[in-house]
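The values are calculated or read from the model by the stated rules, or taken from the named source; none is laboratory data. Source: prediction; values computed, not measured. Counting neighbours? That spans all protein chains shown, and the Cβs are built from the backbone with ideal geometry, glycine included.
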Amino acid sequence: MMMVFSIITFAQKKENGTIFSQHPAITTVESMQQAYVKGDADKVATYLAEDFMATNGSSTNQNDKGTNKEDFLSSVQFWKDNVDYFSITRGEGAYPDALEYKESGTWVQTWDNLKGVENRTGVKLDMPIHRLFVVNKDNKIAAMITYSNENIFTEVRRSFAPRTNGVLYNNHENINKVRLMFAAFENGDLEKAYGFFTPNATFQDLNSQVGESTTMAENKENRKAFLEKFKIEGIDVVGYPDYLEYELGGAKVVQSWWNIRLIRKSDNKEILLPAMYIHNFNDEGMITNSNSYFSSKLLE
């Protein structure tokens, strides 16, 4: 029984070709891509077979027959005209493989990073791209299958047409709450000031590390330490706050600008601290996040 099992296990393996990390087909594929990046359609054409066909491996369109050689060469000029800083480079730690199949010929698979800036909209292209190439016996590319994230191109197309993204208010209940909150802080009424926040509200400022925030308890401790060093003389609104109700994501945001008048207790120096605040509100009208922008150097 063990002998039979061993024979069955062995029979499940079948060699179907050889994988190469260096191969003339890899040179052809990468040279074609770099000629494409440079916008040299004539050079690109020298690497393609007459029956070349490019297809989108991520497409769900059953009627998509792909792109023939003529149309693919036309796209070279399109990318040259419309994408600045265009590049295709090997992904970090990745390298292409050439697979010489016994039955279906030579395939090359690549893992690259595509980068650029769409020069009419400013949309940044920065994404991994995986491609499979079929290279014929004449070392010409007969087929190219591309797998990439299509969302970025959707954003490019959307950016050509102006559209609204919500409503902007200069008077609103949430604006009133922000003004009342700052008035409470100015007058040392911390219980009332923090009452406008949810218990699990988070706080960031310009000096916070990306992705980091402090809790309500930590913010209270930071404010206590601040008030030990500085006396608040006044907090004055600059201009007027804006309240934005966004369509995308449903965010509810108050943006406000302030001049905070301080006296440093160590030397009685008067300090004027300009600051901008962004407060996010939930559907119940409570502040869930506070982000502040000011220069900490003015406090030194």
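How about segment 268-296: which of its residues are free of Cβ contacts under 8 Å to residues at least 60 places away in the same chain and in a strand (DSSP E or B)?
Hits for segment 268-296 are K269, E270, I271, L272, L273, P274, A275, M276, I278, N280.
Is it the case that segment 254-261 has a residue that's over 23 Å from Y169 (Cβ atoms) and surrounded by 14 or more Cβ atoms within 10 Å (Cβ to Cβ)?
Yes, the conditions are met somewhere in segment 254-261.
Does A49 satisfy the criteria of being among the small types (G, A, S) and touching a Lys or Arg at 6+ places or on another chain (Cβ under 8 Å)?
So A49 fits the description; yes.
Look at Q209 and say whether it is of a type in the set (S, T, N, Q), farther than 17 Å from H172 by Cβ and outside any strand (DSSP E or B).
Considered against the rule, which asks whether it is of a type in the set (S, T, N, Q), farther than 17 Å from H172 by Cβ and outside any strand (DSSP E or B), Q209 comes out as yes.
Is it the case that Y147 is hydroxyl-bearing (S, T, Y) and farther than 30 Å from L114 by Cβ?
Against the criterion (hydroxyl-bearing (S, T, Y) and farther than 30 Å from L114 by Cβ), Y147 does not qualify.
Which one is surrounded by the fewest Cβ atoms within 10 Å (Cβ to Cβ) among residues in segment 228-239 that are touching a helix residue (DSSP H, G or I) at 6+ places or on another chain (Cβ under 9 Å) and either among the aliphatic types (A, V, I, L, M) or modelled with pLDDT under 95 (or both)?
Of everything passing the filter in segment 228-239, V237 is surrounded by the fewest Cβ atoms within 10 Å (Cβ to Cβ).
Of all residues in segment 96-118 being at pLDDT below 95 and not in a strand (DSSP E or B), which is nearest to the chain's Cα centre (by Cα)?
Across segment 96-118, the extreme among qualifying residues is S104.
Of everything in segment 155-174 that's in contact with an Asp or Glu (Cβ under 8 Å, 6 or more places away or on another chain) and either crowded, with 17+ Cβ neighbours inside 10 Å or of a type in the set (A, V, I, L, M) (or both), which residue is nearest to I232 (Cα to Cα)?
Only one residue tops the list, namely L168.
Based on this model, can you work out whether T214 counts as closer than 26 Å to N291 by Cα and touching a residue at least 60 places away in the same chain (Cβ under 8 Å)?
no
Given the criteria in contact (Cβ under 8 Å) with a residue 60 or more places away in the chain, closer than 26 Å to A142 by Cβ and of a type outside the set (A, V, I, L, M, F, W, C), does E70 qualify?
When the stated conditions are applied, E70 does not pass them.
Which condition breaks for F153 when tested against (1) outside any strand (DSSP E or B); (2) under 30 Å from L132 (Cα atoms); (3) touching a residue at least 40 places away in the same chain (Cβ under 8 Å)?
Going through (1) outside any strand (DSSP E or B); (2) under 30 Å from L132 (Cα atoms); (3) touching a residue at least 40 places away in the same chain (Cβ under 8 Å) one by one, F153 breaks only (3).
Provide a single number: the residues in segment 125-145 that are in contact with a helix residue (DSSP H, G or I) (Cβ under 9 Å, 6 or more places away or on another chain) and surrounded by 14 or more Cβ atoms within 10 Å (Cβ to Cβ).
Result for segment 125-145: 9.
Can you tell me how many residues in segment 174-200 are assigned to a loop (DSSP other than H, G, I, E, B) and more than 12 Å from H279 (Cα to Cα)?
So the count comes out to 4.
Hey, can you tell me all the residues within segment 223-253 that are closer than 21 Å to E300 by Cβ and either basic (K, R) or out of contact with any strand residue (DSSP E or B) (no Cβ under 7 Å at 6 or more places or on another chain) (or both)?
Passing the criteria: R223, K224, A225, F226, L227, E228, K229, K231.
Count, please, the residues in segment 24-52 that happen to be hydrophobic (A, V, I, L, M, F, W, C) and either out of contact with any strand residue (DSSP E or B) (no Cβ under 7 Å at 6 or more places or on another chain) or part of a loop (DSSP other than H, G, I, E, B) (or both).
Final tally of qualifying residues: 4.
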